[in-house]
1. Which whole DSSP H helices in the chain pass both tests: a Cα extent of 15 Å or more along the axis and a mean Kyte-Doolittle value no lower than -1.0?
2. Principal axis lengths of the chain from Cα atoms, whole Å, largest first?
3. Figure the gain on full extension for Asn137 and Met1 (residue separation times 0.36 nm, minus the Cα-Cα span) and round it to one decimal in nm.
4. From the Cα gyration tensor of the stretch 57-128, with a ≥ b ≥ c the square roots of its eigenvalues, which class applies: rounded if a/c is under 1.5, or else prolate if a/b is larger than b/c, or else oblate?
5. Of Tyr127, Thr116, Thr145, whose Cα points farthest to the positive end of the dipole of the chain (charges on the beta-carbon: +1 Lys, Arg; -1 Asp, Glu; origin at the Cα centre)?
6. Can you compute the charge dipole magnitude of the chain about its Cα centre, using +1 on each Lys and Arg Cβ and -1 on each Asp and Glu Cβ, nothing else charged? Give it in debye, rounded to the nearest 20.
7. As an exercise, identify the trypsin sites (Lys or Arg not before Pro) in the stretch 42-147 lying in DSSP coil whose Cβ has no more than 15 other Cβ atoms within 10 Å.
8. Rounded to the nearest 5, what % of DSSP beta bridges with both residues in the chain are antiparallel?
Amino acid sequence: MAFRSASVDSGPGALLAQAMRDEIAAIYAGLDLDGPQMPKAGAAELGPPGGAFIVGYVAGEPVGCGGLKRLPDGTCEIKKMFVASAARGQGVARALLHELEDRARKLGYTVARLDTGPKQPAARGLYESEGYVEVANFNGNPVATFFGEKALA
């Protein structure tokens, strides 16, 4: 698997981010993904200097994406982590998470946070298996039921 820096609002990154939005909208019917209560994770948040966005490729095809966002307390949050349905069950999500953590370390972060909702048990299982421990709601996400944190040092 190869990872490349990308943009969340153009090219393969935008296509994968939109696929993620479509899936979340279907899973959580009626959720306003752009509502004022939702944590922001656009190009401004997922870009330099404190953020990043990547796309993962298998055999030259874009199959997953994810980003990093700087939080006010100096930690980072993993956002928009998504794997296309055809690539699931092949270790892509775990590899993507590892790459995001590596990039977070390179940006100087020592702690990563993330969240997931009640209808995404596989995501929670992955995060817990990778050492994310449950913490208090740090971002006000009205849908999430698991808020995790991991020391990156």
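None of the figures in this text is laboratory data; all of them are computed from the coordinates on show. Note that the structure is a prediction, hence the values are computed from the model and not measured. In this analysis, Cβ positions are derived from the backbone assuming ideal geometry, glycine residues included, and neighbour counts consider all displayed protein chains.
1. Details: long enough: 11-27 (24 Å, 0.59); 92-106 (21 Å, -0.67).
In the chain, the long hydrophobic H runs are 11-27, 92-106.
2. 39, 38, 30
3. Working: separation 136, 0.36 × 136 = 48.96 nm, distance 3.25 nm.
Once the chain is fully extended between Asn137 and Met1, it gains 45.7 nm.
4. Working: a/c = 2.33, a/b = 1.41, b/c = 1.66.
Judged from the Cα gyration tensor, the stretch 57-128 comes out oblate (a/c at least 1.5, b/c at or above a/b).
5. Going by the Cα projections, it comes out as Tyr127.
6. Dipole about the Cα centre, nearest 20: 220 debye.
7. On the way: sites: Lys69, Arg70, Lys79, Lys80, Arg88, Arg94, Arg103, Arg105, Lys106, Arg113, Lys119, Arg124; in loops: Arg88, Lys119.
Within the stretch 42-147, the qualifying trypsin sites (Lys or Arg not before Pro) (loop, at most 15 other Cβ atoms within 10 Å) are Arg88, Lys119.
8. Numbers: 25 of 27 bridges.
DSSP beta bridges in the chain are roughly 95 percent antiparallel.
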